[in-house]
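Participant: Quick one: this structure, given as structure tokens, is what I'll be asking you about.
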Amino acid sequence: MELWYHNKPVNQYNEREINEIAEIFHAWLIRPSDTEGYRTAEVTRGGIDTDELSSKTFEARKVKGLYFIGEVVDVTGWLGSYNLQWAWSSGYCAGQFV
């Protein structure tokens with residue numbers, strides 16, 4: 001498989017390019033080196049900067065029709081399933097506009 005990179009909107013990729021991208025992702029292996037277990041498990045910080053999203057629709061400001069919700073958005077809060085509430089709430093809000 002030929003490796004290539006194009007910086008263009010997703011809707012401009014042809015079927016061959018999409019299939020090559022899919023093959024790359026399917027072959028991608030991620031192996032964590034270790035874990036501390038559930039005793040210290042937490043939600044991680046980082047993700048899509050909230051300044052890059054509409055606070056009403058969760059649509060990306062730079063890419064029309066692209067939405068981000070839940071834990072991929074850089075929102076940090078207390079532990080204790082608040083992340084689940086955030087995922088459901090942000091998903092519901094974005095769903096009103098998709």
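Participant: Which one of these is at pLDDT 95 or above and under 19 Å from the mean Cα position of the chain (by Cα): TYR67, TYR82?
Facilitator: On the way: TYR82 fails: at pLDDT 95 or above.
From the options TYR67, TYR82, the qualifying one is TYR67.
Participant: Tell me, which residue of the range 32-54 that is more than 14 Å from the chain's Cα centre (by Cα) and closer than 30 Å to ASN11 by Cα is surrounded by the fewest Cβ atoms within 10 Å (Cβ to Cβ)?
Facilitator: First, pick out the residues of the range 32-54 that are more than 14 Å from the chain's Cα centre (by Cα): 32-43, 51, 54.
Filter once more, keeping what is closer than 30 Å to ASN11 by Cα: 51, 54.
On the way: ASP51: 8, SER54: 14.
Residue satisfying both the conditions and the ranking: ASP51.
Participant: Using the structure shown, decide if THR57 is free of Cβ contacts under 8 Å to residues at least 60 places away in the same chain, among the hydroxyl-bearing types (Ser, Thr, Tyr), surrounded by 14 or more Cβ atoms within 10 Å (Cβ to Cβ) and assigned to a loop (DSSP other than H, G, I, E, B).
Facilitator: Values: free of Cβ contacts under 8 Å to residues at least 60 places away in the same chain: yes; among the hydroxyl-bearing types (Ser, Thr, Tyr): yes; surrounded by 14 or more Cβ atoms within 10 Å (Cβ to Cβ): yes; assigned to a loop (DSSP other than H, G, I, E, B): yes.
Here the answer is yes, as THR57 does meet what is asked.
Participant: Would you confirm whether any residue within the range 17-34 is at pLDDT below 90, in a helix (DSSP H, G or I) and of a type in the set (Lys, Arg)?
Facilitator: No, every residue in the range 17-34 fails to be at pLDDT below 90, in a helix (DSSP H, G or I) and of a type in the set (Lys, Arg).
Participant: Residues that are in a loop (DSSP other than H, G, I, E, B), touching a Lys or Arg at 6+ places or on another chain (Cβ under 7 Å) and at pLDDT below 95: does the range 35-52 have at least one? Before the answer, list the steps.
Facilitator: Taking the range 35-52 as the starting set, the residues that turn out to be in a loop (DSSP other than H, G, I, E, B) are 35-37, 41-47, 49.
Retained after the next criterion (residues that are touching a Lys or Arg at 6+ places or on another chain (Cβ under 7 Å)): none.
No, the conditions are met nowhere in the range 35-52.
The values are calculated or read from the model by the stated rules, or taken from the named source; none is laboratory data. Since the model is a prediction, treat every value here as computed from it, not as a measurement. FYI the Cβ positions are ideal-geometry reconstructions off the backbone, even for glycines, and counts take in every protein chain you see.
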